[in-house]
Amino acid sequence: MGWDHEDSLREEVKDHLIEAVEDVEKMPPPELETLFEDVYAELTPQLKKQKQALIAERELRGKFENTSEAFPL
Amino acid sequence: MTIVQAVRDALYNEMKRNDSVVLLGEDVGLNGGVFRATEGLQKEFGEARVMDTPLAESGIIGAAMGMAVNGLRPVPEIQFLDFIYPAFDQIVSEVAKIRYRSGGTFTCPMVIRSPAGGGIRGGHYHSQSSEAYFTHTPGLKVVYPSNPYDTKGLLISAIRDEDPVIFLEPKKLYRAVKGEVPEGEYTVEIGKANVVREGKDVTILCWGAMVPEALKAADLCTPRGADCEVVDLRTLVPLDEPTILESVRKTGKVVIVHEAPRTCGFGAELSALIAEEAVEYLEAPIVRVAGLDTPFPYTLEHVYMPDAERIALAVGKVKNF
């Protein structure tokens with residue numbers, strides 16, 4: 001039957017996933033420009049405007065503090 | 001008490017007071033709610049009044065509507081506002097319109113409670129603050145408190161209200177904010193904003209998790225030369241126009257803050273209202289500090305969400321116009 005094959009496939013995929021997560025977690029945070037990528041195929045005028053504004057704000061502020069709370073479970 | 005404790009306290013009080021008040025939702029019964037908002041309530045009031053539902057939002061709201069139309073006072077929970085869209089047809093086509101289309105023969109008193117907003121690394125589908133879809137739907141009331149005292153009082157008012165209420169709870173503040181909450185029952189009136197900080201230079205209009213940020217911004221602005229008035233709207237529909245306009249007429253300068261995306265966010269409605277009713281008092285353009293017109297991000301959430309410094313920069317912009 002196919003069950004043995006399924007088990008080893010699961011293990012292989014799981015290892016792949018763990019490796020991918022570890023790789024990404026080692027990378028530095030993405031640039032803020034990436035916030036605007038892939039909303040649409042092409043940036044709309046509004047998004048271009050918002051992107052300029054955020055870049056200008058970054059010039060002014062230097063950095064953005066991480067103000068996130070823990071998931072409130 | 002925290003906001004989530006205030007929710008639980010309101011539910012407990014109303015369920016004790018009125019046998020028709022029932023709860024339903026995913027994990028609300030046995031589990032007590034993923035945020036513990038309904039902890040112990042099934043044990044206290046029984047499975048017939050605190051019901052665990054399947055993972056099926058349109059079923060949750062549809063069933064709740066059936067209960068409401070037949071004389072119960074259901075308080076269904078949508079576990080994260082991001083999950084509400086399968087129930088959108090039930091809410092917009094049915095719940096919001098039943099009184100109108102039946103000429104008052106049938107009504108639908110219910111409160112749809114849902115944690116909303118970002119700031120807890122929830123990513124695209126656990127962070128949305130999509131109040132604008134509901135403020136745009138006649139027949140619904142939309143309430144969005146920012147602190148424990150208002151949360152309990154408004155939730156009690158919402159449960160007693162004869163109309164369907166969308167009750168949004170700022171999950172970022174669920175445990176982060178504590179406040180004095182009286183024991184027993186009390187109400188906070190739906191449809192009334194609250195001036196949480198008086199000031200003479202700039203009006204900041206905000207709600208939910210943006211209220212503490214606006215207050216922090218006001219503190220940043222004082223040494224920079226701007227005395228800010230912070231108005232916590234508390235209810236979005238029906239809007240407290242007199243309180244908002246009185247503040248705008250006093251200061252002549254407005255900054256509106258919301259975490260939802262800018263385009264067609266509720267700030268747009270407020271801007272139009274102010275322009276229609278108080279343009280002669282304005283000394284500067286109305287400025288909105290809002291989320292980007294993108295899906296809510298994960299890693300760069302703290303860049304996306306309006307924070308005290310960004311609000312303070314906007315205040316500076318209108319003050320120096």
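Listed cross-link partners B:LYS171/B:LYS192; B:LYS43/B:LYS171; A:LYS51/B:LYS250; A:LYS48/B:LYS317 are compared with a 29 Å cut-off, the Cα-Cα value being larger for A:LYS51/B:LYS250.
The phi-based Karplus calculation (6.51 cos²θ - 1.76 cosθ + 1.60; θ = phi - 60°) puts the 3J(HN,Hα) values of the range B:163-174 at 10, x, 10, 8, 10, 9, 10, x, 5, 4, 9, 3 Hz, whole numbers, x for Gly and Pro. Treating r as the C-beta distance of A:HIS16 and B:ARG224 and R0 as 56 Å, the FRET efficiency rounds to 0.60.
Amide H contacts for B:ASP227 (H built 1.01 Å from N in the peptide plane; partners 5 or more residues away or on another chain; cut-off under 5 Å): B:LYS200, B:ASP201, B:VAL202. Straightening the chain between B:GLU198 and B:ARG17 buys 61.5 nm, computed as 0.36 nm per residue apart minus the Cα-Cα spacing. Measuring between their Cα centroids, the range B:9-38 and the range B:227-281 lie 34 Å from each other. Springs join every pair of Cα atoms under 10 Å in this Gaussian network model of chain B, and among B:GLY252, B:GLY208, B:GLY122 the largest mean-square fluctuation is at B:GLY122.
Give me the distance between the Cα centres of the range B:179-212 and the range A:9-73, rounded to whole Å. That distance is 33 Å. Per-residue mean of foreign Cβ neighbours for B:302-309 is 5 (Cβ atoms of other chains, 10 Å radius). Report, for the protein assembly as shown, the % of DSSP beta bridges that are antiparallel, rounded to 5. Of the beta bridges lying entirely in the protein assembly as shown, close to 15 percent run antiparallel. For chain B, the solvent-accessible area works out to 38 Å² per residue, with a probe of 1.4 Å and every protein chain left in place. Using a probe radius of 1.4 angstrom, the carbon and sulfur fraction of the accessible surface of the range B:37-162 is 57%. Structural descriptor for the range B:3-173: relative contact order 24 percent, calculated from alpha carbon pairs under 8 angstrom and at least 6 residues apart. Treating the angle as unsigned and between 0 and 90°, give the value, to the nearest 10°, between the Cα long axis of helix B:3-17 and the longest Cα principal axis of chain B. Around 40 degrees separate the two axes. With the cut-off at under 20 Å, measuring from each backbone N in the range B:228-254 to a point 7 Å along the Cα-to-Cβ line of B:GLU162 picks out B:237-239. Bridges between two residues of chain B, per DSSP, are antiparallel at a rate of about 15%.
The contact residues of the range A:29-73, meaning those that lose at least 50 Å² of 1.4 Å-probe accessible area when all protein chains sit together rather than their chain alone, are A:LEU35, A:GLN50, A:ARG61, A:PHE64, A:THR67, A:SER68, A:GLU69, A:PHE71, A:PRO72, A:LEU73.
Near B:LYS319, once Lys and Arg are set to +1 and Asp and Glu to -1 for all other residues with Cβ below 12 Å from its Cβ, the sum equals +1. For the range B:194-319, rounded, prolate or oblate, judged on the Cα gyration tensor with a ≥ b ≥ c (square roots of eigenvalues), a/c < 1.5 rounded, else prolate if a/b > b/c? Oblate is the answer for the range B:194-319, as a/c is 1.5 or above yet b/c matches or exceeds a/b.
Principal-axis analysis of the Cα atoms of chain A puts helix A:3-26 at an angle of about 30° to the longest axis.
For B:ARG73, nonlocal amide neighbours, meaning residues 5 or more places apart or on other chains whose placed amide H falls under 5 Å from its own, are B:VAL21, B:VAL22. Let a ≥ b ≥ c be the square roots of the eigenvalues of the Cα gyration tensor of the range B:1-132; is it rounded (a/c under 1.5), or, if not, prolate (a/b larger than b/c) or oblate? Because a/c hits 1.5 or more and a/b fails to exceed b/c, the range B:1-132 counts as oblate. Is the C-alpha gyration tensor of the protein assembly as shown telling us rounded, prolate or oblate? Criteria: a/c under 1.5 is rounded; beyond that, a/b larger than b/c is prolate, otherwise oblate. Cα axes put the protein assembly as shown in the oblate bin.
Working note: 222 nm ellipticity from helices only, DSSP H runs with n ≥ 4, each -39,500 (n - 2.57), summed and divided by the residues of chain A, gives -19500 deg cm²/dmol to the nearest 500. With point charges of +1 on the Cβ of Lys and Arg and -1 on the Cβ of Asp and Glu, referenced to the Cα centre of the range B:3-173, which listed residue (B:GLY104, B:MET65, B:LEU41) lies farthest in the positive direction of the dipole? Final value for the positive-end residue is B:GLY104. Net charge in the neighbourhood of B:ILE78 (other residues with Cβ under 10 Å of its Cβ; Lys, Arg +1, Asp, Glu -1) is -3. Residues of the range B:266-293 buried by at least 50 Å² of accessible area upon assembly of all protein chains, compared with the chain on its own (1.4 Å probe): B:LEU292, B:ASP293.
Summing +1 for each Lys or Arg and -1 for each Asp or Glu among the other residues whose beta-carbon sits under 12 angstrom from that of B:ASP89 gives -1. Each label was represented as a point 7 Å from its Cα along the Cα-to-Cβ direction; for A:LEU60 and A:LEU9 these points are 5.5 nm apart.
Dividing the summed -39500 (n - 2.57) terms of all DSSP H runs of n ≥ 4 by the residue count of chain B sets its mean residue ellipticity at 222 nm at -9500 deg cm²/dmol.
Each residue of the range B:209-224 was assigned a 3J(HN,Hα) from its phi angle through the Karplus curve 6.51 cos²θ - 1.76 cosθ + 1.60 (θ = phi - 60°); the sequence is 5, 7, 5, x, 5, 5, 5, 5, 4, 4, 5, 5, 7, 4, x, 8 Hz, with glycine and proline shown as x. Take every Cα pair under 8 Å whose residues are at least 6 apart in sequence, average their separation, divide by the length of chain B, and the relative contact order is 16 percent.
Listed values for the range B:286-292 are Karplus-derived 3J(HN,Hα) couplings in whole Hz (6.51 cos²θ - 1.76 cosθ + 1.60, θ = phi - 60°), namely 6, 10, 9, 10, 9, x, 6, and x replaces Gly and Pro.
The values are calculated or read from the model by the stated rules, or taken from the named source; none is laboratory data. All values reported here derive from a predicted model rather than from experimental measurement. Note that each Cβ is placed from the backbone with ideal geometry, even for glycine, and that neighbours are counted across all protein chains shown. Accessible surface areas use protein heavy atoms only, side chains included; no ligands, DNA or RNA. Shrake-Rupley method; radii C 1.70, N 1.55, O 1.52, S 1.80 Å.
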